[in-house]
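Comments concern the structure below.
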Amino acid sequence: MLSSKISRTDRDPGDDGDGEPRQKSGVIADNDDLMTEILSRLPVKSLVKFKSVCKRWLSLISNPHFCHIHCRGNPLSVSGLFLHKHSSLIKPEFDFVPFDGNATGIPFRSLSFIDDATGIKMVGSCNGLFCISCLKDSERRHTHYIYNPATKQHTTLPRPVGTNVVALNLAFDPSKSPHYKAVCVRRSGESFEIYQIEIYSSETGSWRPSGNPFYDSYEVVFHNAVYWNGAIHWIGMLETSLYFDIEQENLGTMPMPPKYEGQDEGGIVYFGESRGHMHLIEIYGPPATTQFDVLEMESDYSKWVVKYHVDLDALPTAYPEMVLNYHNPLNLYRYTFHVLCVIRGEKEEESSSLVLNIPVTRRIGTQANYELTAEVVDASTMVVCTMMPQDCSAEANMGSASFITSRGAMIDYTK
């Protein structure tokens, strides 16, 4: 009896005597399909750590097919905001403000893989990938990088075939394909109004022209692009805007919101996408600089509709630094704030968030009855306001708003 007890004590606690559990775990560990299914259910931060467990796990997690499976099973969400410190433009440093309040595990603070750079700029982001532009001392043309802050992997894009590059935009949907595309808009020949589109595919690693040169009659802003509905979208300064369908490789038009009499001062302050919805914010004032609508484009490109009405009249009381107290002919207050992004709720009936940046201003003197102010570098307040759908609430729910304070200026956010 004693020997029997000793035998049970020495036995593996998870073994029933014939080694069956250990054999089963070995079968799972040796089966790539089962391991892929298990690992695909884990968050990205855990996967980054598990890459160092063994070479086999590194190979599985790094496989583009695995990335595709993981993204299909894990809906994209906004984890936080990246802040660019303006005090270090040549060798920029970044802060990360998480929305969950957990400041650990900051994706990156600097772009150490870029050397010999005189100026680095984030020119766009798309579903977790950053497009970075820099002008090196030894060259006269910009170099572009695609960077994944979650995996810390980067790729140097080859230069487009043509010169006179106007903008470079990113298209990436990990739920459909592990590959991304870059869309380059460049001037065609000597004309400033005729453009050519070139496409880079990460699958082929090369550029190629797409379609024929086209004439821009809408005064389109090509450097400010939004990827949505399988297309790159650009805002026009007139009544019509453009979009480029990535798969069909053709241009289409979409309307701009109608302008009304008296809308002379102000304009577009935000253009972006969140959870499969494209939004636009126009602010005209004064005096309506603290009240505005968040518009959403219909999926058939027929029109913009009001999704939220935002009322920020209570905000200057909480943040008096946003009030510009200079005199103007209408004797009205003016306010300074920047709309950083709109973050939709996971479900249609859930609340969404509006993220604002309030720069800190400092009075530096007066001239011709006007106060002169200047923004304080690397000092600002970030405010997150809760919004309910237009059919549920006519105003932004300031009573339940949460507030995040940070220093810096937001450049982009990753999903």
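The values are calculated or read from the model by the stated rules, or taken from the named source; none is laboratory data. In this text the structure is predicted, and so the values were computed from the model without any measurement. Every residue, glycine as well, gets a Cβ built from its backbone with ideal geometry; the counts of neighbours run over all protein chains shown.
General observations
- The lone exception for LEU242 - which of (1) touching a residue at least 40 places away in the same chain (Cβ under 8 Å); (2) surrounded by 14 or more Cβ atoms within 10 Å (Cβ to Cβ); (3) assigned to a strand (DSSP E or B) it fails: (1)
- Some residue of segment 155-162 being buried (at least 18 other Cβ atoms within 10 Å of the Cβ) and either over 28 Å from HIS65 (Cα atoms) or modelled with pLDDT under 85 (or both): no
- Of all the listed residues (GLY128, GLY101, GLY105), the sole one being modelled with pLDDT of 70 or more and not assigned by TED's automatic domain parsing to the domain that holds VAL383 is GLY128.
- Note on segment 140-154: among residues that are out of contact with any strand residue (DSSP E or B) (no Cβ under 8 Å at 6 or more places or on another chain) and touching a residue at least 40 places away in the same chain (Cβ under 8 Å), the one that is surrounded by the fewest Cβ atoms within 10 Å (Cβ to Cβ) is LYS152.
- Residues that are out of contact with any Gly (no Cβ under 6 Å at 6 or more places or on another chain), at pLDDT 95 or above, within 30 Å of ASN63 (Cβ to Cβ) and surrounded by fewer than 16 Cβ atoms within 10 Å (Cβ to Cβ) do occur in segment 218-238.
- Scanning segment 248-272 for residues that are farther than 24 Å from ARG344 by Cβ and either buried (at least 18 other Cβ atoms within 10 Å of the Cβ) or at pLDDT 95 or above (or both) returns GLN248, GLU249, ASN250, LEU251, THR253.
- Residue within segment 172-186 that is on the phi > 0 side of the Ramachandran plot and of a type in the set (Lys, Arg) present: no
- Scope segment 33-51; condition exposed (fewer than 15 other Cβ atoms within 10 Å of the Cβ) and either more than 28 Å from the chain's Cα centre (by Cα) or of a type in the set (Asp, Glu) (or both); matching residues: ASP33, LEU34, GLU37, ILE38
- Test: residue in segment 193-206 that is touching a Leu at 6+ places or on another chain (Cβ under 8 Å), under 28 Å from PHE66 (Cα atoms) and not acidic (Asp, Glu): yes
- Scanning segment 308-323 for residues that are assigned to a strand (DSSP E or B) and of a type outside the set (D, E, K, R) yields TYR308, HIS309, VAL310, VAL323.
- Residue ID - nearest to GLY272 (Cα to Cα), chosen from residues in segment 318-357 that are of a type in the set (Val, Ile, Thr) and at pLDDT below 85: THR336
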